[in-house]
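The structure under discussion appears below in the form of structure tokens.
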Amino acid sequence: MEVVLRLKNRSVERVPLVDGAVGSGAFFGRPDIIAAVLPRHATAIGKDAFYGCSSLASVTIREGVTTIGWGAFQGCSSLASVTIPERVTSIGPLAFIGCWSLTEITIPVGVTRIEPYTFQDCVSLVSVRIPEGVTTIGSCAFFSCRSLVSVRIPEGVTTIEDFTFLHCLSLVSVTFPAGLRRIFKGAFYGCSSLASVTIPAGVSTIDDAVFEACTGLRSVVVAGASIDADKLRELFKKCTQLALVVGPAETIRDMPQKTPAKLRNSSLPRFLPLAVESEEEWEPESAVGMKLSPAAVGLVERWNPQTHSLSSPNQVEWVKFALLTLTRRMGLPHTVAVVVLQSLHRSELGDGRAIEL
């Protein structure tokens, strides 16, 4: 059994396997290799097997392979695509780190863990399919995958580790599993294209800086009641476009505790409660006869905190009505909606306090 290598000088090199595996460091630092074909009966790719093969553009992995070792393709910056066989059950840490040209990856159904740093700095990676069997996504697994657009996290995942999706600059959509319990530090730090987030009800712990510097984030739904209000505020540092937070009253109610004057020089958002804790508690007289069109709802969803003020009582009542409609539509009982004002001046509210309902 031999690995067939195609080299830059158009020659072909054949290298025997040892015990059915591509050995650790077998082709370490070989920039002359442009393609590799593994034999049908190969069972494993060892640690650092193709580390630093910067010209490797194509690799054929046969169905017999079950293990891809630690750093196996690290720094293979020309590798644009790879098909991982269905029988693979283990992909080691750093296996594809620095594969700058890799555009998509499908993780086999037998894999249950995505190890730390596995796809870090895969800057061209647009699409990744994570199978339902995965229960753990390790720290920095997709760190700086700048082209990744969307990700669906499987139902079996209960924690998202530190810096997992940090600086995924093109990430627009994240679907969290219902069973998620904890999101660790900086998991989505700097995901500047992320526009909206729904945090599942089961999440009880969110560490520091999880959504910090998500400068495109405009709306957040907090489905559970177990997140501390002060912690919730800290999650949104440098989220300069955040306009709407919706969640249970017991979580959201305590968010606007500090006055705008104290927050004026802070990177924390300013929170102003504008809706009610339940439908029965608030029916504004000014809302009688008002019709809220889809376009009007859209305006609230796209509220621009940099250019809109709420100095007019009519504006306040209209936004309250719109937010109440949104919370009803979301099907979240006993909720409070919050508009976030990034540039809230004392003059807009007279004494600088949040509006009391």
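The values are calculated or read from the model by the stated rules, or taken from the named source; none is laboratory data. The shown structure was predicted, so the numbers you read here are calculated from the model rather than taken from an experiment. We place every Cβ from the backbone using ideal geometry, glycine too, and count neighbours over all the protein chains shown.
Miscellaneous remarks
- Some residue of the range 39-54 being touching a Phe, Trp or Tyr at 6+ places or on another chain (Cβ under 7 Å), closer than 25 Å to G98 by Cα and not in a loop (DSSP other than H, G, I, E, B): no
- Taken together, S78, S90, S101, S11 contain a single residue that is at pLDDT 95 or above, farther than 30 Å from R152 by Cα and not β-branched (V, I, T), which is S11.
- Residues being of a type in the set (D, E) and more than 37 Å from the chain's Cα centre (by Cα) - total across the range 12-39: 2
- Close pairs (9 angstrom Cβ cut-off, 6 or more residues apart or separate chains): under 18 Å from L171 (Cβ atoms) and surrounded by fewer than 17 Cβ atoms within 10 Å (Cβ to Cβ) in the range 201-218, of a type in the set (V, I, T) and modelled with pLDDT under 90 anywhere: T215/T240
- Top-ranked residue of the range 53-68 - restricted to ones that are in contact with a strand residue (DSSP E or B) (Cβ under 6 Å, 6 or more places away or on another chain), closer than 19 Å to C122 by Cα and not hydrophobic (A, V, I, L, M, F, W, C), ranked as modelled with the highest pLDDT: S55
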